[in-house]
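Throughout, read-outs are computed from the coordinates displayed, never taken from laboratory work. The structure presented is a predicted model; accordingly, all values stated were derived computationally and were not measured. All Cβ positions, even for glycine, are placed from backbone atoms using ideal geometry, and neighbour counts span all protein chains on display.
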């Protein structure tokens, strides 16, 4: 795993930081948020591995995430964050979204020319197509196979639900990918488990998504989903 970016320092970001700090395969953890999570960063076993960057998470990805391990044109060779060269120290192997916004969708929106892409409400019929839907204040839709709170210790077992012991239903990322939403292009990325209750994706996955979004016109839905849960965002170009 080596270097991991955790975008967000709230409940889920802290859980990811705590869960991964003891993993010997993790060389460095970079946590990004506008608000520093206080003394938590200085706990034993965490302080030496983590670098905190005070910055908006979506903006940070836009400015510093680079495709194929190459420095983006926006960053000069002497640019630094906290005194370190960005392109040498911060290229991630994995990104963990832990913000109260849909990181993949908002990053795509930020990367595309301003005024050419905007938010778009998902049609009401989608609520009947997917399980346990809930709409957020910003228009994002959240879905889940669970109608209960999942434990943060869930290790996403292959065959049976951790809580109910019942056979797993179809993986959520596959279910959404197979769902036909009339008038919308449908793009899904899978959040892969890096530890109990911790999911993320590789930078390559984001850039592949961005290319697909750039190559279409009209309405589209971007989803990030694991095997049980997902978040959907409607956009219009």
Computed, not fitted: 222 nm per-residue ellipticity of the chain from DSSP H runs ≥ 4 (each -39500 (n - 2.57)), nearest 500, equal to -6000 deg cm²/dmol
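Rounded to the nearest 0.05, what FRET efficiency is calculated for residue 18 and residue 115 with R0 set to 45 Å and r the Cβ-Cβ distance? Don't skip to the answer; put the middle values down first.
On the way: r = 41 Å, r/R0 = 0.90.
Efficiency for this residue pair is about 0.65.
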In terms of the Cα gyration tensor, with a ≥ b ≥ c the square roots of its eigenvalues, is segment 103-236 rounded because a/c is under 1.5, prolate because a/b exceeds b/c, or oblate?
prolate
Dividing the mean separation of Cα pairs under 8 Å (6+ apart) by the residue count of segment 96-231 yields a relative contact order in percent of 30 percent
What percent antiparallel are the DSSP beta bridges of the chain, to the nearest 5?
50 percent
Structure-derived log10 I(q)/I(0) by the Debye sum over Cα atoms at q = 0.08, 0.16, 0.17 Å⁻¹ - corresponding label in [x] -0.39, -1.46, -1.52; [y] -0.31, -1.21, -1.33; [z] -0.31, -1.00, -1.09:
[y]
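Provide the packing ranking of 139-145, 48-54, i.e. peptides ordered by the mean count of other C-beta atoms within 10 Å per residue, highest first. Don't skip to the answer; put the middle values down first.
Numbers: 139-145: 18.9, 48-54: 16.3.
Highest mean packing first, the order is 139-145, 48-54.
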